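Everything below concerns the one structure shown next.
Readers should treat all values here as calculations from the given coordinates under stated rules, not as data from a laboratory. Keep in mind it's a predicted model, so treat the numbers as computed, not measured. Every residue, glycine as well, gets a Cβ built from its backbone with ideal geometry; the counts of neighbours run over all protein chains shown.
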Amino acid sequence: MNTLVWVEHDNNEMKDATLSVVTAAAKLGDVHLLVAGAGCAGVADQAAKIAGVGKVHLADDAALEHALAENVAPLIAGLMASHDAVLFPATTTGKNIAPRVAALLDVMQISDILSVEGGKTFTRPIYAGNAIATVESSDPKLVITVRGTAFDKAAAEGGSAAVEAIGGASDAGTSSFVSAEIAESERPELTSAKVIVSGGRALKDAETFEATITPLADKLGAGIGASRAAVDAGYVPNDYQVGQTGKIVAPEVYIAIGISGAIQHLAGMKDSKTIIAINKDEDAPIFQVADIGLVADLFKAVPELTEKL
Amino acid sequence: MKILVPVKRVIDYNVKPRVKADGTGVDLANVKMSMNPFDEIAVEEAIRIKEAGKAEEIIAVSVGPAKAQETLRTALAMGADRAILVESDDEVEPLAVAKILKAIADEEQPQLIMLGKQSISDDSNQTGQMLAALMDRPQGTFANTIEVDGDSVTVKREVDGGLETVKLSLPAIVTTDLRLNEPRYASLPNIMKAKKKPLDTKTPGDYGVDTAPRLTTTNVAEPPVRQAGEKVEDVDALVAKIKALGIA
Ligand SMILES: Cc1cc2nc3c(=O)[nH]c(=O)nc-3n(C[C@H](O)[C@H](O)[C@H](O)COP(=O)(O)OP(=O)(O)OC[C@H]3O[C@@H](n4cnc5c(N)ncnc54)[C@H](O)[C@@H]3O)c2cc1C
C-alpha cells in the first residue's frame with residue numbers, strides 16, 4: 001500500500017506532529033510525504049530526513065501558502081490516483097483539510113485514530129473518549145486523521161528520501177487569507193511538552209492566572225494549559241484549551257490547578273503519565289483520575305509549592 | 001439571504017456515556033438527549049445575523065430519527081423560521097449527511113450554511129468540510145467570530161497556534177467553535193410559537209442519497225480506566241512527590 005502523509009509546517013519548519021503520523025502510516029505501507037506551501041523547499045529537505053520515508057512530494061506554489069483547504073484539497077485528491085491512503089495529524093490544519101479531500105474522493109474519513117488494527121481497521125475515540133470504537137472501512141481509499149499522542153514519533157533523522165517537485169496547484173478563487181494572530185512563546189508547545197501546568201476557572205482573572213500559574217510553570221520548564229472555563233473567561237488565549245474540543249495532550253506530568261475535571265476536560269489529558277491535582281473540593285472529579293492529589297486552597301498552596309521546588 | 005443551519009440530536013453533554021456490555025455501542029435508552037452544543041451556537045449566530053438585518057430566513061435541518069423533531073423545535077423556539085427533518089432510524093455517516101445537505105442547499109439556495117464543528121457523539125469533525133467540498137464552495141472552520149459583509153463573510157478561526165482570519169465569498173460554509181457566542185434560552189412564549197412553525201419531513205431517498213455506511217463498527221469498548229491515586233497531606237509532601245518524579 002502507498003500512503004501519503006501531510007507534513008505539518010509553517011513554510012519554514014516542519015512541525016513535530018508530522019512524526020507520529022509517519023509512524024501510523026508506516027503500519028499501513030510505504031510512506032510518501034507531501035509538503036505543500038509557498039517557499040517551503042527547506043521543509044521538504046527536513047522532511048526527507050525522517051527515517052523510513054520513501055519519497056517527498058513538494059508542491060511549492062503561492063496558492064498553497066496558507067494551506068487554504070479550497071486550494072489544497074484538490075491537489076491531494078489528484079495525488080490519490082497513485083496512493084491508497086492519506087494521513088493527516090489531527091491538528092486544526094489536518095481537521096480542516098482531510099474531510100474536504102475525503103468528500104472529493106467520495107470516501108468516509110476515519111477521524112483521530114488511536115491504533116492501526118489491520119489494513120482497513122482502526123480504533124478511534126467517540127463520546128469524548130468515553131468509548132473506543134473499532135471501525136473497518138469498505139472504501140477503496142483511506143482518508144485518516146491521526147491522534148498524535150497515540151503513536152510514537154518517527155525518528156526525525158536517518159532517512160534520505162528523494163524530493164520531487166510537483167505542479168497542479170491552483171487558486172480556487174473563493175477564499176483568501178487575511179491575517180493570523182499566532183502567539184510567539186519560548187514555552188514548549190502543549191502537544192509536545194513533557195510537563196504541563198493547567199489552570200481552571202478558579203484562577204479568577206488573567207492577572208491572577210499569570211501570577212499564579214506562570215511562576216510554577218517556569219520552575220518546571222512546563223507548557224501552560226487551561227480548561228475551557230478559563231479560556232472562555234479570557235484568562236488565557238484559545239490555544240491553551242485542553243480537552244475534547246481543544247488540544248489532546250499526554251505529557252509525563254500534568255498538573256491541574258483549580259480544574260474540576262469535567263469529562264470534556266478529562267478527554268484531553270487523561271492519558272498523561274502522571275496527573276497531579278490541586279483543588280479545594282475533596283470531591284472534585286479530577287481526583288478520580290489524579291495519581292497525586294492535594295486538597296487545598298490553590299492561592300496558598302501554589303505559591304508555596306513554587307517557592308519550595 | 002437565507003441561512004441553513006444543520007443540527008444534530010445527541011446525548012446531553014452532562015451525561016456520562018455508558019458503553020453497552022455487548023460491545024455494540026453506547027447505551028442511549030432513557031438517556032437525556034439535546035441539541036449538539038456546537039449546533040446550538042450555530043443557530044444562535046444565524047439568529048444574530050438575522051437580527052442585524054443581514055438575513056431574511058433561517059432554515060434548520062436535521063438528519064436523524066423521528067425524535068430529532070424535538071431538536072428542530074428547539075431551533076425554531078430559539079428563532080429559526082422553518083425546519084426540515086430528514087428521517088432515518090439508522091446512524092447516518094457525515095459523508096451521507098453532507099450529501100443530503102448538498103441536495104437541500106441546491107433546492108433552498110442559502111448564502112450561508114452554519115453548523116457545529118463537531119458533534120459530541122461521534123466527534124468526527126467532518127460534515128461541514130465535506131459539504132463545502134461537495135458544493136465546491138469555501139469553508140470557514142472553527143469560527144470564533146463571523147462578519148457578513150455584502151457578498152463575502154470574514155471568519156476568525158480558532159487554530160492550534162492562536163487565531164487565523166480568512167475571507168470567503170458567499171455562498172460559504174462556516175463551522176462553529178465554542179467561543180463564537182453564548183446561545184440564548186428559548187422563552188416559553190417562543191416555545192409555544194415554535195409548535196406552529198412549519199416542519200417538513202423527508203427521507204434520504206427523497207434526495208436520492210444512499211446512506212449505506214462505509215465504515216462498519218465492529219466493537220465499542222470502554223477505555224482503560226485510570227485508578228485514583230493518593231492524596232497527600234500538605235505542600236511539603238507534594239514537593240517530595242514531584243521531586244521523586246524527576247521533573248524538579
Ligand atoms: C461542547 C462542549 C465542549 C467542551 N469542551 C471542553 C474542552 O475541550 N476542555 C475543557 O476544559 N472543557 C470543555 N468543556 C467545558 C466543561 O464541560 C467544563 O465546563 C469545564 O471544563 C470546567 O472548567 P473548570 O474545571 O475550570 O471550571 P469549574 O468546573 O468551575 O471548576 C473549578 C474548580 O476549581 C475549584 N476551586 C475553586 N476555587 C478554588 C481555590 N481557591 N483553590 C483550589 N480549587 C478551587 C473548584 O472546587 C472547582 O473544582 C466543554 C463543554 C461543552 C458543552
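Axis of helix A:298-308 versus longest Cα principal axis of chain A: the two differ by about 80°, to the nearest ten degrees.
When the protein assembly as shown is described by a simple charge dipole with +1 on each Lys and Arg Cβ and -1 on each Asp and Glu Cβ, the residue from B:201, A:259, A:192 located farthest towards its positive end is B:201. Site pair residue B:203 and residue B:236 shows an inter-label distance of 7.5 nm when each label is modelled 7 Å from Cα along Cα→Cβ.
Before anything else, pin down the relative contact order of region A:120-239: Cα pairs under 8 Å, at least 6 apart, normalised by residue count, whole percent. Before the final figure, lay out each step's value.
Details: 99 pairs, mean separation 21.7, N = 120.
Reported relative contact order: 18 percent.
Shown here for region A:98-163: GluC sites (Glu not before Pro) in loop regions (DSSP other than H, G, I, E, B) with at most 11 other Cβ atoms within 10 Å, namely A:157. With a 10 Å cut-off around each Cβ of A:167-179, the average count of Cβ atoms from other chains is 4. The label-point distance for residue A:45 and residue B:70, in a model that sets each label 7 Å from Cα toward Cβ, rounds to 6.1 nm. Among the trypsin sites (Lys or Arg not before Pro) found in region B:185-248, those both in a DSSP coil and sparsely packed, with 13 or fewer other Cβ atoms within 10 Å of their Cβ, are B:195, B:196. Our estimate of slack between residue A:218 and residue A:115, defined as 0.36 nm per intervening residue step minus the Cα-Cα distance, is 33.7 nm.
Among beta bridges from DSSP that stay inside region B:1-107, the antiparallel ones total about 25%. Measuring how big chain B is from its alpha-carbon positions, Rg and Dmax come out at 20.9, 68 Å.
Give me the net charge for the shell around residue A:122: Cβ to Cβ below 12 angstrom, other residues only, Lys and Arg +1, Asp and Glu -1.
Details: positive: A:27, A:120, A:124, A:147; negative: A:112, A:117, A:136.
Result for the local shell: +1.
Residues of region A:56-72 with an amide N closer than 12 Å to a point placed 7 Å from the Cα of residue A:165 along the Cα-to-Cβ direction: A:58-61.
Between region B:171-217 and region A:244-278, what is the C-alpha centre distance in whole Å? A separation of 32 Å, based on Cα centres. Spatial offset of region B:20-60 relative to region A:225-241 amounts to 23 Å, using the alpha carbon center of each.
In angstrom, the C-alpha Rg and Dmax of region B:1-132 are 14.7, 52.
Mean partner shielding of peptide A:120-128, defined as the number of other chain Cβ atoms within 10 Å of each residue Cβ, is 6. Report, to the nearest 10°, how far helix A:206-220 tilts away from the longest principal axis of the Cα atoms in chain A, using its own Cα long axis and a range of 0 to 90°. The helix A:206-220 is inclined about 80 degrees to chain A. In order along region B:31-37, the Karplus-derived 3J(HN,Hα) couplings, from 6.51 cos²θ - 1.76 cosθ + 1.60 at θ = phi - 60°, round to 10, 5, 10, 8, 6, 3, x Hz, and Gly and Pro are given as x. Of the residues B:86, B:148, B:47, the one whose Cα sits farthest toward the positive end of the charge dipole of chain B, with +1 on the Cβ of Lys and Arg and -1 on the Cβ of Asp and Glu, is B:47. Over all orientations, chain A has a Cα convex hull whose mean projected area works out to 16.2 square nanometres.
Could you sort the peptides A:243-252, A:209-218 by per-residue average Cβ neighbour count (10 Å cutoff), highest mean leading? Write out the running numbers ahead of the final one.
Details: A:243-252: 22.1, A:209-218: 19.5.
With the highest mean Cβ count within 10 Å placed first, the list reads A:243-252, A:209-218.
Calculated from DSSP H runs of 4 or more alone, at -39500 (n - 2.57) each and per residue, what is the 222 nm mean residue ellipticity of chain A, nearest 500? The per-residue figure over chain A is -7500 deg cm²/dmol.
Using 1/(1 + (r/R0)^6) with R0 = 45 angstrom and r between the beta carbons of residue A:82 and residue B:89, what's the FRET efficiency to the nearest 0.05? After rounding to 0.05, the efficiency reads 0.65.
Using only alpha carbon pairs under 8 Å that are at least six residues apart, calculate the relative contact order of region B:101-216 and give it in whole percent.
Values: 155 pairs, mean separation 28.6, N = 116.
Relative contact order of region B:101-216: 25 percent.
Find the eigenvalues of the gyration tensor of the Cα atoms of region A:58-203, then list the square roots of 5 times those eigenvalues as equivalent ellipsoid semi-axes, largest first, in whole angstrom. Working shown, then result.
Working: eigenvalues 144, 111, 61 Å².
Calculated on Cα positions only, the semi-axes equal 27, 24, 17 Å.
DSSP beta bridges confined to the protein assembly as shown are antiparallel in about 35 percent of cases.
DSSP beta bridges fully contained in chain B are about 40 percent antiparallel. Working note: 222 nm ellipticity from helices only, DSSP H runs with n ≥ 4, each -39,500 (n - 2.57), summed and divided by the residues of chain B, gives -8000 deg cm²/dmol to the nearest 500.
Say the cut-off is 28 Å between C-alpha atoms; which of A:247/B:195; A:300/B:241; A:15/A:55 go over it?
Numbers: A:247/B:195 40 Å; A:300/B:241 18 Å; A:15/A:55 18 Å.
Beyond 28 Å: A:247/B:195.
Counting every alpha-carbon pair across the protein assembly as shown, the share separated by more than 34 Å comes to 39%.
Counting alpha carbon pairs within less than 8 Å and at least 6 residues apart, what relative contact order, in whole percent, applies to region B:66-129? It would help to have the intermediate numbers written out before the result.
On the way: 29 pairs, mean separation 17.3, N = 64.
Across region B:66-129, relative contact order equals 27 percent.
Ranking A:48, A:126, A:67 by how far each Cα lies toward the positive end of the dipole of region A:38-172 (charges on Cβ) leaves A:126 at the top. Its Cα centre serving as origin, region B:146-248 has a Cβ charge dipole (Lys and Arg +1, Asp and Glu -1) of approximately 480 debye.
Take each residue of peptide A:34-40, count the partner chain Cβ atoms within 10 Å of its Cβ, and average: the result is 0. Each residue, residue B:196 and residue B:225, gets one label point 7 Å from its Cα in the Cβ direction; the gap between the two is 5.3 nm. Residues of region B:204-227 falling in the label zone of residue B:21, defined by backbone nitrogen less than 18 Å from a point 7 Å along Cα to beta-carbon, are B:220-223.
Applied to region A:232-242, the Karplus parametrisation 6.51 cos²θ - 1.76 cosθ + 1.60 on θ = phi - 60° returns per-residue 3J(HN,Hα) values of 4, 7, x, 5, 9, x, 4, 6, 7, 5, 9 Hz, with x for Gly and Pro.
What does the charge dipole of the protein assembly as shown about its Cα centre add up to, to the nearest 20 debye, if the Cβ of each Lys and Arg holds +1 and the Cβ of each Asp and Glu holds -1?
1040 debye
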